[in-house]
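The values are calculated or read from the model by the stated rules, or taken from the named source; none is laboratory data. If you're wondering where the values come from, they're calculated on a predicted model, not measured in any experiment. Counting neighbours? That spans all protein chains shown, and the Cβs are built from the backbone with ideal geometry, glycine included. Areas reflect the complete protein model, heavy atoms only, side chains present, ligands, DNA and RNA absent. Shrake-Rupley method; radii C 1.70, N 1.55, O 1.52, S 1.80 Å.
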Amino acid sequence: MRVMVTDHRKLPRRRGEALHAAIYQATLDELAEVGYTGLTMERVAERARASKASLYRRWPSRIELVMEAVYSSLPTPESSPDTGNLRDDLVAMLSRTAQALSGPAGEAMRGLLGEALRSESPLSAMRRSTQGVGRKMMEEVVRRAVERGEVDPRDVTPRRLDTGQALLRHHFLFQGTPIPDSLVVEIVDEVLVPLLKRR
């Protein structure tokens, strides 16, 4: 469905959080509708009923805009599942990641990686924008498991914290979506729990 062009100057003026929220939502909607390759700053501005200048002031390119919009839509580490045990927390958390990869976040990742393969500049922007959300969510889940006595802190290493998300991304990039629930369970039961509960 095409976005109707609206003269943003005739609309009520929005600032700060309200404007950012409208722009983020417009970006996610565009990703879902036309994909990363079809997304333009102009279309996002039209959909958000904002001026192009307001976008370019905050985000010099669509890479920064898309990365920020996607991260705004992801669960925060503070909202990591707390089921009371490590295994179920890991299944719930990785299921959320798998779901995100099947939506606008996955579409953005495909497009950004495609651009990054053609040029160093987008790759640098991705590195700057990456916030390590997956690692932070794992840290929160594992921290609680350590407090409950399920995991020995000596068995918690950066590589082990990254393993689950890395396996999901690998499947996403080479097998596509949707990511089956059975894969999430296998990653948790066959890889993460044995890695983190070694002693």
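Probe radius 1.4 Å, ligands and nucleic acids ignored: give me the carbon and sulfur share of the accessible area of the range 27-79 as a rounded percent.
Answer for the range 27-79: carbon and sulfur cover 51 percent of the accessible area.
Between residue 57 and residue 191, what is 0.36 nm times their sequence separation minus the Cα-Cα distance? Round to one decimal in nm.
Length difference between fully extended and current span is 43.8 nm.
To the nearest 10 square angstrom, what accessible area does residue 37 show with a 1.4 Å probe?
Its heavy atoms expose roughly 120 Å² to the probe.
So, R0 is 25 Å and r is the distance between the beta-carbons of residue 150 and residue 79; what FRET efficiency does that work out to, to 0.05?
Here the calculated transfer efficiency is 0.75.
So the label point goes 7 Å from the Cα of residue 162 along Cα→C-beta, right? Which residues of the range 169-197 then have their backbone N under 15 Å from it?
Within reach of a label on residue 162: 169-170.
Output wanted: per-residue J couplings in Hz (rounded whole) for the range 151-159, from phi through Karplus 6.51 cos²θ - 1.76 cosθ + 1.60, θ = phi - 60°, x for Gly and Pro.
Karplus-based 3J(HN,Hα) across the range 151-159 equals 10, 7, x, 5, 8, 9, 10, x, 5 Hz.
How do the peptides 55-63, 137-145 rank, highest first, by the average count of neighbouring beta carbon atoms within 10 Å per residue?
137-145, 55-63
Using the Karplus curve 6.51 cos²θ - 1.76 cosθ + 1.60 with θ = phi - 60°, what ³J(HN,Hα) values do you get for each residue of the range 86-102, in whole Hz, with x for Gly and Pro?
4, 4, 5, 4, 5, 4, 5, 5, 5, 5, 4, 4, 4, 5, 5, 5, 7
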